[in-house]
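See below for the structure under consideration.
Every number in this text was worked out from the coordinates using simple rules, so none of it is lab data. No experiment lies behind these values; they were computed from the predicted model shown. Glycine also receives a Cβ, built like all others from the backbone with ideal geometry; neighbour counts cover every protein chain displayed.
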Amino acid sequence: MNKKLFLILNLSLLLSVIACQDEQSNLPKYENDKQVLILNQGNYTEQNGSISLYSEINDTVINRAFKKTNGFDIGATIMGGTMNPLGGTYIICSNPNKIMIMDGATLECYIDNFLDSHQDFITPRYITNDGTYLYVTVSGSEYEVLPDGMYEYTNSKLFIISMANGEVVKILNIGSDAEGILYSNGYVYVAHRHGISVIISNGTGSSIVKTIDTQEYGPIKHLTLANDERIYASAPEFGILSFDPYAHTLQDTIATEMDYDGQLQVDPTGSYIYFLTNTYDENWNSSAKLNRLNVMSKNVDSIFEGNYFSSVGVSPLTGNIYVAETDFTSNSIMKVLNANGRFECEHEVGVGAYRYLYIAYGKMIEE
């Protein structure tokens, strides 16, 4: 990694550093907008992940926007992404394993193969940042086959990467099936099969200070922060747990049906947490529900139904809610609901719509 280049990317996002004038002249034009980056996972065997752009202002979608901007495909399976405070965007991919670094407003790619040659960067799962460091959970390659035929990845890790120069400053051993990750108030929280690891965020001095034992509720998948200053965790075999981020002790347990993936998305006020359920009949036809947990009352209700839902997102800019119906082989249908849960419209997006990122500028102009 060129340290000077990495520093420029994260401090100023100067496009001219890495693109020649001929390439610049052929790039699409942009104007300010509230923009949703839809990360389409693709079909894992076909390395066809893509990014769609949705304008929350104009209700328009541009599919395959990354290729339209850069002239080449992502060429991998997208697992997730995060943005730094300046809009620099980091997309983690598997098959092949890598991080792609781009401008969130324009999707212009600066680096498309970061960490692809690191021997321990095997099957990345989720990513977040604190403005100084990137944090990435990685499954690894060691696994055991469980009685139900599922795999337990037994040597998961947390990568801590400097956003100033791209150095991997530390790798922590997490245990089995490291999944979702959350940064809050100087701590990084990592969900895994046996609990939630609490990690003090201090660069090379980062360390696990506690593991919250949740084994009786099953594997933990995702984490989010609500307005009651508690962190909420999904345990799909049970429901939703909450814990005190100061004492790091469990507080509430809410038994509820939940999809295997266990995505949790909080609304802009922190008052509601959205999650999905998918149920199947004897022919594997799916019925899906978008559910909402009221943080204050702890009540759960279903607000929208459809066929298989692969993802849920909530815009911090508008409060719009997004769910996608997909089969991971054909294009997904993204449903747009307003902040009150009322259906507004739907759009075709890429294969396997999976995660959502939000940025307050940068709509591509069709010519």
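Under 13 Å from the Cα of Lys289, which aspartates and glutamates turn up, not counting those fewer than eight places away in the same chain?
Within reach: Glu257, Asp259, Asp301, Glu305, Glu325.
If we count other beta carbons within 10 Å of each Cβ, what is the order of Asp148, Asp120, Asp213, fewest first?
Asp148, Asp213, Asp120
Which entries in Lys34/Lys335; Lys34/Lys210; Lys98/Lys335 show an alpha-carbon gap greater than 27 Å?
Lys34/Lys210; Lys98/Lys335
Among all the aspartates and glutamates, which ones have a C-alpha under 19 Å from Lys68's C-alpha, if same-chain residues fewer than 8 places away are not counted?
Lys68 reaches Asp22, Glu23, Glu31, Asp33, Asp103, Glu108, Asp112, Glu348, Glu366, Glu367.
Provide the FRET efficiency to the nearest 0.05 for the Ser302-His248 pair, computing r from the beta carbons and using R0 = 30 Å.
According to the calculation, E is roughly 0.40.
Using only C-alpha positions, report the orientation-averaged shadow area of the convex hull of the chain, nm², one decimal.
That works out to 17.7 nm².
Label Ala339 and Thr204 with points 7 Å out from Cα along Cα→Cβ: what is the distance between them in nm?
4.6 nm
Calculate the FRET efficiency for Thr329 and Asp281 from the Cβ-Cβ distance with a Förster distance of 22 Å, rounded to the nearest 0.05.
Plugging the Cβ-Cβ distance into 1/(1 + (r/R0)^6) gives 0.65.
Run the paramagnetic zone check for Phe72: 7 angstrom along Cα to Cβ, then residues of region 115-157 with backbone nitrogen under 16 Å.
So the set is 115-117.
What's the longest piece of the chain with no exposed trypsin sites (Lys or Arg not before Pro), counting a site as exposed if DSSP puts it in a loop and it has at most 14 other beta carbons within 10 Å?
Formally, the longest exposed-site-free interval is 1-297.
Placing +1 at every Lys and Arg Cβ and -1 at every Asp and Glu Cβ, with all other atoms neutral, what dipole size does the chain have around its Cα centre, in debye to the nearest 20?
With Lys and Arg at +1 and Asp and Glu at -1, about 940 debye.
I'd like the distance between the alpha-carbon centres of region 271-305 and region 196-264, rounded to an integer number of Å.
For region 271-305 versus region 196-264, the Cα centre distance is 19 Å.
With an 8 Å cut-off on Cα pairs and a minimum separation of 6 or more residues, tell me the relative contact order of region 3-365 in percent.
15 percent
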